[in-house]
Amino acid sequence: MKLVNWLFLCLLVMGGNVVAQNGIIGTGFANGWTVPTDGLSFSPSFGSSNIFIGQPNGTGLQYFRLWRNAGDTEFYQNGQFGPQGCAADLDRTANEGENYVMTGCGTVAFSVDVTDMSHNYVFKTPNLFGDPTSFLYFKVEGPIQSIFQTGQQPEPNMEGEIPADEPVLVGVVTTDAMSPGQAVYLRYTTDGFATSTVVPMDNVFGPFFEYLIPAQPDGTTVEYYPFTSGDAVPPAADGSDADYRTINGDTNGGSNFRYTVNRALPVTYLRWTGRRLKPQVVALDWETGTEDQASHFVVECSENEGQSWSERAIVPARNLPAGAKYTFLDEGVFPESLQYRLRQVDFDGSAHLSPMIVVPALEQLLHVWPSPSNGVMNLNVPEEFAGGTARLLSLSGQVLNLERLSSGSQQLIAGEVPAGVYLLRVSSADQQRVEQLRVVIQ
């Protein structure tokens, strides 16, 4: 490669002080070497680090340098950094994920050997203004994915607490399955990130990942966030270089996810579910693992995604050390999607909220009406049953009628059948979903 006078990706040595680079220049990933506007800027990333993600301009060896201040003409020549010693071009193809300390230099450059122009290259620098003048890069063989959703079980109560002696399962959904070269990690701490632990999350399948944070002592507050990084060199287990190696992550809007272990919680839940038994009847079931000083449960319902709540019932607690099972039928409910929660009240008046559960809207459920009918019925067909079949069966299993299904509401005509009780067997097109409804014809 011929000698050139310019360079890029942000850092400058002036009067002995080192200032972090924030741009990349060259024919490999930017627009050339000629003028400052040929360079492309980095963006702020996690902590004090900076990031640039780009696709190469060609295959074979692609050349670049790093530059202290992208677009700043005053430091254009002085602020370039390249291989140590500034003696020869340096191929970094075999050093993906490795940190490299650079030298102020505008005459030679770095290169990577590109085999596919659709691959994404992630360049990171550790800080914006300070030591070291270094960089690393990752190659991702496909789209860069990000964290779409983060959740945990057990969920914390209204005070952000979970029971003692329980590990916490953190689940993550990414925008799509990870492209080769990118992986999902979890960073958590029990001391406000004075120290931390970084672990790779297990890929359950596709875009779903999980990791079980071990049970913590009573009174411990755990903070955590999931993030993605390259997989060629994983982040350090102690989190010391997590910011530097992060591509993207979910920090819960900057406040991180957190929970506090509280051994004094009066009730722990093993199960908390809701389902429609009939269009206007919802069955709520919950089971507790322990109960101590528990007075009662207030069943609360919301029709507006949890913005406001109404009281539906008060169920006395059994206050058994080994826990108990409860059922409540909420009758006369609306067909819209409903949200439920339990407000567990102690004998001293303090209250604790359960996680919220959702009972889908009526139109999202398979149901038939009216019943009893005169032989003409309406069937609500969810999307997953579209293209399938509905068979009217006698109690002995004889097929009396067959209808093809489309999504939405459609009419079913039983035909010439005597009054009695029948079964309506509904199957999806691929036969993976089969449900059976009881109907009465008068």
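The values are calculated or read from the model by the stated rules, or taken from the named source; none is laboratory data. On a predicted model such as this, the values are computed, not experimentally measured, just so you know. All Cβ positions, even for glycine, are placed from backbone atoms using ideal geometry, and neighbour counts span all protein chains on display.
Please tell me if Val298 is outside the structural domain of Gly408 (by TED's automatic domain parsing), under 26 Å from Phe385 (Cα atoms) and surrounded by 13 or more Cβ atoms within 10 Å (Cβ to Cβ). Quick ask: steps written out before the conclusion?
Working: outside the structural domain of Gly408 (by TED's automatic domain parsing): yes; under 26 Å from Phe385 (Cα atoms): no; surrounded by 13 or more Cβ atoms within 10 Å (Cβ to Cβ): yes.
For Val298, the condition - outside the structural domain of Gly408 (by TED's automatic domain parsing), under 26 Å from Phe385 (Cα atoms) and surrounded by 13 or more Cβ atoms within 10 Å (Cβ to Cβ) - is not met.
Suppose we filter Gly397, Gly349, Gly420 for residues that are free of Cβ contacts under 8 Å to residues at least 40 places away in the same chain and closer than 30 Å to Gly151 by Cα; which single one remains?
Gly349
With free of Cβ contacts under 8 Å to residues at least 40 places away in the same chain, within 18 Å of Lys278 (Cα to Cα), outside the structural domain of Gln153 (by TED's automatic domain parsing) and of a type outside the set (S, T, N, Q) as the only criterion, which of Glu336, Glu435, Glu383, Glu331 stands out? Spell out the reasoning first.
Working: Glu435 fails: free of Cβ contacts under 8 Å to residues at least 40 places away in the same chain; Glu383 fails: within 18 Å of Lys278 (Cα to Cα); Glu331 fails: free of Cβ contacts under 8 Å to residues at least 40 places away in the same chain.
The unique qualifying residue is Glu336.
From Ser196, Ser255, Ser229, Ser240, which residue is of a type in the set (Gly, Ala, Ser), assigned by TED's automatic domain parsing to the domain that holds Gly160, surrounded by 16 or more Cβ atoms within 10 Å (Cβ to Cβ) and out of contact with any Gly (no Cβ under 8 Å at 6 or more places or on another chain)?
Testing whether each residue is of a type in the set (Gly, Ala, Ser), assigned by TED's automatic domain parsing to the domain that holds Gly160, surrounded by 16 or more Cβ atoms within 10 Å (Cβ to Cβ) and out of contact with any Gly (no Cβ under 8 Å at 6 or more places or on another chain) leaves just Ser229.
Out of the residues in the range 246-268 meeting the condition of being touching a strand residue (DSSP E or B) at 6+ places or on another chain (Cβ under 6 Å) and at pLDDT below 90, tell me which one is farthest from Leu284 (Cα to Cα).
Asn262
Condition check ((1) among the basic types (Lys, Arg); (2) touching a residue at least 60 places away in the same chain (Cβ under 8 Å); (3) in the same structural domain as Phe46 (by TED's automatic domain parsing); (4) surrounded by 20 or more Cβ atoms within 10 Å (Cβ to Cβ)) across all residues:
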position: Cys105; (1), (2), (3), (4): no, yes, yes, no
position: Ala109; (1), (2), (3), (4): no, yes, yes, yes
position: Phe123; (1), (2), (3), (4): no, yes, yes, yes
position: Pro126; (1), (2), (3), (4): no, yes, yes, yes
position: Leu136; (1), (2), (3), (4): no, yes, yes, yes
position: Asn157; (1), (2), (3), (4): no, yes, no, yes
position: Ala164; (1), (2), (3), (4): no, yes, no, no
